[in-house]
Amino acid sequence: MSIDTSLPTSASGGAIVRERVRKRHFKLPISLAVATALIWLMAFVFGRDGVSTYRLGDRTASIDLGDIGVPTAPAVTICAIVLALLTAYAFWAVATFRKVGLWVPIVFALLAVFAFLTWSAAGGLVPVTGLLFGAVSLSVPLVFGALGGVIGERVGVVNVAIEAQFLFAAFSSAVIASITGSVLLGLVGALVAGALVGAVLAVFSIKYLVEQVIVGVVLNVLITGLTSFLHGALLNPNSEALNSPPRFPRVPIPFLSEIPILGPVVFNQTLIVYIMYVAVPLVAWGLYKTRWGLRLRAVGEHPQAADTVGIKVNPTRFWNVLLAGAIAGIGGAYFTLGSVGSFDKEMTGGLGFIALAAVIFGGWDPVRATLAALLFGFTTNLETLLTNLGSPIPSEFMAMLPYIVTVLAVVGFAGQVRAPAAAGKPYIKG
């Protein structure tokens, strides 16, 4: 900590003492140092020889970029040295009270991933397009869950029930789409299901002032048990009629889907993914540029002041929690209508909690939360790829990789983040 004290003279001849306190936050540099140490172990202790091959083309693309071979040992060594320099710069910047630019963790993360992937794939082949496509696909429900979490917490209600919204929406979309044969009606059913879970959360936390985290946990347990029971009692005996929904087909966008590497990843997707492309900028724009967003943020930051200027705090919270649940419900529909093609009990696998972590990692900002969700999707798909490549890392650690990255990101890379001031606090008028 550093204290800077100055004594300027006022017009009346007196002295005004101003004290400025500056704090050093070494969370980011320490996290970078830990990651750098791991890469150095790979480079200089457990070094691997050979060539890591990156396949840039895709069999569906009209342009084939071929393969690129990267010498494993030199590439990992160079990355380790550059990462050490970035870590030293981060320590120097924090020690001298300078701001560590956002480019530092971004460049660091890209180089660290490249080094780790190159080391793991020594003598093997990395399909870049397939890796990125799988990362986007695995991130879709997380992005919708994170958007719902951002809206809920920005308005003052902590949404721990994202997992319940995922599960109930996945179940409802599978049943409705199976009965009607329409994926669009199944998607509408998922929206309603997510909003219903949000309504229960809103009623108990806003009207009856029950602790919001407890309500969320109870809803997760309740919906998990309910959908598991209905799956065994209703869906399994009637799987053809009730659990065989159609799936959204991929819709390639002409010309754009032919772009090398990113074209098949971004522009050859299903309708739900295209909705995600629209939802993220729409929520970000609405949150910061519209009256709706201003009122929502005012209620989540200072409900008393918002009430003073005529904003109805609790109704605003109620309807926005419903909206947040509906958006999370789209993510639940992706499990059954966009990915798996049927409902299975506990199929969400705790991803609702990862979406909540993405909200925190993203600093309660929709764009940053989306990037955090994409990071988790990438690490999950990376785990699968490295297992197929025969990585020397034990399989038990590989299964832990996505969650370790999430914890490190939230604890170390998130920096100094502040939740909305009134998040989790009920408002009692007067």
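Derivation of every value follows stated rules applied to the coordinates shown; laboratory data play no part. All values reported here derive from a predicted model rather than from experimental measurement. All Cβ positions, even for glycine, are placed from backbone atoms using ideal geometry, and neighbour counts span all protein chains on display.
Assuming R0 = 45 Å, can you tell me the calculated FRET efficiency for the pair HIS25 and LEU209, based on Cβ-Cβ distance, to the nearest 0.05? Please report the intermediate quantities before stating the final value.
Values: r = 35 Å, r/R0 = 0.78.
E(calc), rounded to 0.05, equals 0.80.
For VAL251, list long-range residues whose amide hydrogen, built 1.01 Å from N in the peptide plane, is under 5 Å from its own amide hydrogen.
Under 5 Å from the amide H of VAL251 lie the amide H atoms of GLN269, THR270, each far enough along the sequence or on another chain.
Take the alpha carbon atoms of region 215-284, find their radius of gyration, then divide it by 2.2 N^0.38 Å using N residues; give the quotient. Display every interim value, and only then the final one.
Working: Rg = 18.6 Å, N = 70, 2.2 N^0.38 = 11.1 Å.
In units of the globular-protein estimate, region 215-284 measures up at 1.68.
Could you give each residue of region 312-323 its phi-based ³J(HN,Hα) in whole Hz, using Karplus coefficients 6.51, -1.76, 1.60 with θ = phi - 60°, and x for Gly or Pro?
Per residue, the Karplus-derived 3J(HN,Hα) values read 7, 5, 5, x, 4, 5, 4, 5, 6, 5, 4, 4 Hz.
Can you work out the Karplus-derived ³J(HN,Hα) for every residue in region 192-200? Use 6.51 cos²θ - 1.76 cosθ + 1.60 with θ = phi - 60°, whole Hz, and x for glycine or proline.
Taking θ as phi minus 60°, the curve returns 5, 5, x, 5, 5, 4, x, 5, 4 Hz for region 192-200.
List the residues, sorted by chain then number, that are 5 or more residues from SER52 or on another chain and whose placed amide H is less than 5 Å from its amide H.
Here VAL70, THR72, GLY123 satisfy the definition.
Any of LYS99/LYS289; LYS27/LYS99; LYS289/LYS429; LYS207/LYS289; LYS207/LYS312 with alpha carbons more than 19 Å apart? Name them for me. Don't skip to the end; give the middle numbers.
Working: LYS99/LYS289 27 Å; LYS27/LYS99 13 Å; LYS289/LYS429 28 Å; LYS207/LYS289 29 Å; LYS207/LYS312 13 Å.
In this structure, LYS99/LYS289; LYS289/LYS429; LYS207/LYS289 lie more than 19 Å apart at Cα.
Looking only at ALA161, ALA369, ALA93, which one moves most when the chain is put into a Gaussian network model with springs between Cα atoms under 10 Å?
Comparing ALA161, ALA369, ALA93 in a Gaussian network model of the chain, the most mobile one is ALA93.
Jot down the per residue volume, in cubic angstrom and as a whole number, of the convex hull over the alpha-carbon atoms of region 32-126.
Values: hull volume 9.1 nm³, N = 95.
With only Cα atoms used, region 32-126 gives 95 Å³ per residue.
In what sequence, highest mean first, do 124-133, 323-332 appear when ranked by Cβ atoms within 10 angstrom? Could the numbers behind the result be given before it?
Numbers: 124-133: 18.4, 323-332: 30.1.
Answer by packing, highest mean first, reads 323-332, 124-133.
Near PRO426, within a Cβ-to-Cβ distance under 11 Å, what is the net charge of the other residues, with Lys and Arg +1 and Asp and Glu -1? Before the final figure, lay out the partial values.
Working: positive: LYS207, ARG317, LYS425, LYS429; negative: GLU211.
Around PRO426, the charge tally is +3.
In a GNM of the chain with a 10 Å cut-off on Cα contacts, which of ARG295, ARG154, ARG98 has the highest mean-square fluctuation?
Result for the chain, Cα springs under 10 Å: ARG98 fluctuates most.
Testing the spin-label approximation: label points 7 Å from Cα along Cα→Cβ at ARG247 and LEU271. State their distance in nm.
1.6 nm
Taking the Kirkwood radius as the inverse of the mean 1/r across Cα pairs, report the Rg/Rh of region 251-325. Before the final figure, lay out the partial values.
Details: Rg = 18.3 Å, Rh = 14.8 Å.
Rounded to two decimals, Rg over Rh is 1.24.
Distance in nm between label sites at LYS99 and THR384, each 7 Å beyond Cα in the beta-carbon direction?
My value for the distance between the label points is 3.9 nm.
Which values of log₁₀ I(q)/I(0), to two decimal places, follow from the Debye formula for the chain at q = 0.06, 0.09, 0.13 Å⁻¹ with a uniform point scatterer at every Cα?
For the requested q values the scattering log ratios are -0.31, -0.67, -1.21.
Between LYS312 and VAL45, what is the FRET efficiency for a Förster distance of 51 Å, r being their Cβ-Cβ separation, to the nearest 0.05?
Details: r = 62 Å, r/R0 = 1.21.
So the FRET efficiency works out to roughly 0.25.
Could you list HIS231, HIS302, HIS25 so that the one with the fewest beta carbons within 10 Å of its beta carbon is first and the one with the most is last?
Working: HIS231 20, HIS302 15, HIS25 11.
Least crowded to most crowded, the residues run HIS25, HIS302, HIS231.
Give me the net charge for the shell around LEU167: Cβ to Cβ below 12 angstrom, other residues only, Lys and Arg +1, Asp and Glu -1.
Result for the neighbourhood of LEU167: -2.
Using a Gaussian network model of the chain whose springs link C-alpha atoms within less than 10 Å, name the residue from THR87, THR308, THR36 with the highest mean-square fluctuation.
THR308
What percent of all Cα-Cα pairs in region 96-229 falls into each 10 Å bin, going from 0 up to the bin containing the maximum distance?
11, 27, 24, 21, 16, 2, 0
Excluding TYR403 itself, what net charge comes from residues whose Cβ is under 13 Å from its Cβ, given Lys and Arg +1 and Asp and Glu -1? Can you show the working numbers first?
Working: positive: none; negative: GLU383, GLU396.
Surrounding charge for TYR403 is -2.
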